[in-house]
Every structure is written in structure tokens, then in C-alpha cells.
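Below is one structure, written out as C-alpha cells; comments come after it.
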Amino acid sequence: MTPGDSDDHAAAFSDFYHRERTRLVRFAAVMSPHLDHESAVQEAFVSAWRNWPSISPPARRAWLAKTIRNLLVDQARRLERPSEVTDEVVARSRILVQRHREAEAWHELTSTLAAIARLPDQLRTALVLRFWDFGDDEIADVLGCRRESVRRYVSDARARVSETVGNSERRVRGPRRGKGTR
């Protein structure tokens with residue numbers, strides 16, 4: 001590495017860090033609201049910095065998500081996980097948004113987050129990464145599965161959350177497309 005390369009390396013990492021950090025903290029918070037998700041994200045970024053030149057640019061976000069997921073699994077193994085993820089656990093974790101003024105909207109949000117937290121790991125990971133705009137290839141890389149499986153995981157996760165939260169009037173799948181539709 002030449003001195004110019006290290007400046008480019010630092011600038012690229014800094015740009016990536018500032019662009020992706022919040023999204024990855026939120027990903028980690030939804031994945032494991034009862035764990036120290038901020039610590040996992042920070043540790044993952046430190047590891048990414050050490051390995052930055054060897055991580056392919058298109059794979060960097062997926063690499064970090066996979067690393068964060070593994071660090072959260074390690075944390076969970078060290079701690080005894082609460083037997084049930086309650087609305088209170090979700091609310092205390094400072095995830096995503098401040099408390100809504102409308103009680104009904106707040107209840108729906110906390111119920112949805114609790115339902116997501118109860119999903120099996122593969123489904124929860126696929127759904128949360130999809131929410132944070134990860135593509136099928138990136139999600140497949142994180143989960144170690146085929147690209148085709150990602151869509152099934154996301155669909156199954158949405159259906160389970162919808163069933164749990166009781167939003168039967170909401171569509172689980174997008175609008176139908178094809179012949180005979182407008």
C-alpha cells in the first residue's frame with residue numbers, strides 16, 4: 001500500500017461507515033433487542049476496517065450483516081435469553097422510532113416488532129434485511145442459502161407476522177400482476 005492508497009482506503013471506509021452504520025444498528029436491534037446490538041455493530045466495523053481491502057466492494061454490506069449476526073449469536077450464547085420477548089423488551093431497546101403519541105399505533109408497532117423477534121432466525125434475518133433494502137443476493141450471502149430461498153423466507157415471515165399481529169385486512173403479498181390485471 002502506498003500512502004495515497006491508505007488515504008483512499010480511509011475515505012472509502014469512512015463514507016461506507018457513515019452511509020451504513022445507522023441501518024446496520026437498526027438491523028441488529030430488530031434481530032436481537034435484548035442484546036447489546038450497538039457493541040456488535042461497532043465490533044463488526046472494527047473487523048471490517050482490518051479486512052477492508054480484502055472485502056469485495058459489492059459484498060461489504062452483506063459481509064458486515066453476516067458478521068453482526070454472528071456476533072449477536074455469540075452474545076446470546078454467553079447470556080441467558082429472556083424466555084419471552086415482550087412488548088416491554090422491545091420498547092426499552094430504543095429501536096427505530098420514538099414512542100408514538102397514539103396508543104394504537106404504538107401498540108401495533110411494538111406488537112409487530114415482538115412478532116418479528118419471535119420468528120425463526122432465517123425468516124427474521126431475511127425479513128429485517130429486506131426491510132433495510134438489502135437485495136436478494138446480499139440476503140442469500142448473509143444466510144448462506146440460494147437466492148430463490150430468500151423470497152420464500154421473506155414471504156413466510158410476512159405471513160407469520162401478519163397472522164400474529166392480526167392484520168388480516170392487510171395484504172401479505174403484493175398486487176397480482178399479469179394477464180387480466182390492470
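Quick notes
- Hydrodynamic radius of segment 104-167 by the Kirkwood approach over all distinct alpha-carbon pairs: 11.9 Å.
- From phi via Karplus (6.51, -1.76, 1.60), per-residue ³J(HN,Hα) for segment 8-15 in Hz, x at Gly/Pro: 5, 4, 5, 5, 5, 5, 4, 4
- Local net charge near F27, Cβ-Cβ under 13 Å (Lys/Arg +1, Asp/Glu -1): +4
- Ordering 46-56, 110-120, 24-34 by mean Cβ neighbour count within 10 Å, with the highest value first, yields 24-34, 110-120, 46-56.
- Computing FRET efficiency as 1/(1 + (r/R0)^6) for N51 and E108, where r is the C-beta to C-beta distance and R0 is 35 Å, gives about 0.30.
- Quarter of the Cα convex hull surface for segment 27-76, i.e. its orientation-mean projected area (nm²): 3.1
- Positive-end residue, segment 23-67 charge dipole about Cα centroid, Cβ charges, pick of T67, F27, I55: I55
- The calculated FRET efficiency for R21 paired with C145, based on their beta-carbon distance and R0 = 22 Å, is about 0.25.
Laboratory data are not the source of any read-out in this text; all were calculated from the coordinates shown. Everything quoted here is computed from the prediction, not taken from an experiment. Positions of Cβ are generated from backbone atoms using ideal geometry, with glycine treated the same way; all protein chains shown enter the neighbour counts.
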